[in-house]
Structure formats: C-alpha cells, structure tokens
Amino acid sequence: MNVLFLEAPYRGEIELCQATLDYLKKKKYKTVALYASVQFCPTLEKVKEQLQKLNIKYITSQPDRTHVSSQLLGCDNYHSSLNLAEKELQQIGCYLYVGDGKFHPLALVYAQKDSSAIKEIVSDDPLGKKMIIMDQNDIKIILRRYRGSLLKFLQAHKVGVISTIKPGQEQLRPSFSLERKFPDKKFYYFLDDTISFSQLENFNFIDVWINTACPRIGFDDQEKFQRGVLNLNDAFHAEEILSQDSILNKA
C-alpha cells in the first residue's frame, strides 16, 4: 500500500506569549536554541524578531530525519541528532520550543540524560498562549527506572529484542550486532508491526528487554515492562553510560 504524508503548516501568525518573554528576560538568557513542531516551523519569523528585541541570540539546526530547519521530532531523544556543534551547545542558555503538548519538548530533556546538568526547556504554546518549563524533575522517576534497566541488562543472560516492521523504525539487522558485542548473552528476537506490551509477559524466561523501535518507548513506557527495557543504542554502551557523571546516575 502506497502512503503519502502531507505536512499541515499553521497559517496564522506565531509569537511568544507574554509569560515566555517575561521569563526569558528575567533569566537573562543571552542565547537560546530554537525549535518547533513541523506545523509552526514556517512561521517563526515573529518569534525571532521578539528574541532580537530582547537582545537574545537564537541558534537552531536541522536535526536528523527532519525536512526543515528548526523542526523537532519527539522520537529523537539523542543530543547528537540535533546536529549542533559543540561550540553552539556551550553557548546555549536554554532550549526554546514553540508548539503545543509535552511530547516534543520532553525529547529535549531526554536528550540531555548523559549530561551532568540539564539546560531547562522553555516551552511556549502559541495556540493556548501559555508557557511550561521542563527540566530533569519531569523525568527523574523515569531515569531512575532506566538506570535499573541498564544494570539488569549487564547482568542478564536471556535478552528479548523487540523489533517492528514499520518503515523508519525497523532496526532488526543492526540489532544482530548485539550478539558480537555480548557473546555471553542469549538474544531472542520478537518481530511485530504494533508492539503489544501485555503479550510480553508471556515470555517469562526473558530477563530484560531491548527496544529497537521508537526510542521514546524505552523511556515513556518503562512502567509497562515489569522486567525492564532499554534502547538499542544504549545497550551497546551500557557500561559507559553507567560510569558517567550524568543526571541519569543522580536521579
């Protein structure tokens, strides 16, 4: 079946609400990293003008797998996917996200899990005209569970690898590298279109699960995995992640 995806850009004018402007001014941020959901990316000119009036410099980029500059994907929760230079990262005072809901801006919080301190995310809802501040407190419990999953994986003997056949998410072949990296573990591969969390408990011989589908499953759905779950990328570097001085290990 052929599938056609069409973007639906917002046609109205987008601007930061007064609460956001006041907050940025109060915090005296000199540089922000500006991102938005795809429907608002073409209409960020007014937002940029508002930042300039506050003498705030904005930095942005075109993250991996996006079509336009400043577009943020909620499923990408790795800092490297933003494609920001190290020099730019050091300049950033906070992340400024323009869009509604919490799914997308939370990706910016997760992306900093390997950092020793999280730069807060100022989320401006241009439709509801309200501001939300996000930081490590929003994911503290989730990170604690995730750290537990990393420890379980290192001690596990039988590991279940969850793969999906959905285009853009399927990573079955890359997951086979786990066998070479961890020859002392036995890996079992589960392939499906839509992941049914309730069915996983039928395989009670599995010690821990590895998610190769949307990375947010490894975080947002921790409570649905009684035996723990971690993402494929983190499985390859579990020991390194646990040894870092990061918020994940302080949660």
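The values are calculated or read from the model by the stated rules, or taken from the named source; none is laboratory data. Because the structure is predicted, anything quoted here is derived from the model rather than measured. A quick note on method: Cβ atoms are made from the backbone with ideal geometry, for glycine too, and the neighbour counts reach across all protein chains shown.
Things to note:
- Against the test of being closer than 22 Å to Tyr10 by Cα and hydroxyl-bearing (Ser, Thr, Tyr), the options Tyr58, Tyr78, Tyr110 yield a single qualifying residue, Tyr58.
- Beta carbons closer than 6 Å, at least 6 apart along the sequence or on distinct chains, pair a first residue in the range 41-59 that is under 9 Å from Thr31 (Cα atoms) with a second that is of a type in the set (Gly, Ala, Ser) and at pLDDT 95 or above for Ile59/Ala33.
- Single residue of Ile121, Ile132 found to be touching a Leu at 6+ places or on another chain (Cβ under 6 Å) and under 23 Å from Gln18 (Cβ atoms): Ile121
- Top-ranked residue of the range 197-242 - restricted to ones that are within 14 Å of Ile142 (Cβ to Cβ) and of a type in the set (Val, Ile, Thr), ranked as modelled with the highest pLDDT: Val229
- Where helices (runs of 4 or more DSSP H) fall entirely within the range 119-202, those with at least 2 residues that are in contact (Cβ under 8 Å) with a residue 40 or more places away in the chain and among the charged types (D, E, K, R) are at 140-155.
- Of the residues Ala85, Ala19, Ala8, Ala111, the single one that is among the small types (Gly, Ala, Ser), more than 29 Å from Leu232 (Cβ to Cβ) and without any contact (Cβ under 8 Å) to a residue 40 or more places away in the chain is Ala8.
- Single condition Glu7 does not satisfy, out of (1) outside the structural domain of Lys102 (by TED's automatic domain parsing); (2) under 19 Å from Gly128 (Cα atoms); (3) surrounded by 11 or more Cβ atoms within 10 Å (Cβ to Cβ): (2)
- Flag: Leu84 matches the condition of being surrounded by fewer than 22 Cβ atoms within 10 Å (Cβ to Cβ) and among the aliphatic types (A, V, I, L, M).
- The range 138-182: number of residues that are touching a strand residue (DSSP E or B) at 6+ places or on another chain (Cβ under 7 Å) and either of a type in the set (A, V, I, L, M) or in the same structural domain as Gln112 (by TED's automatic domain parsing) (or both): 8
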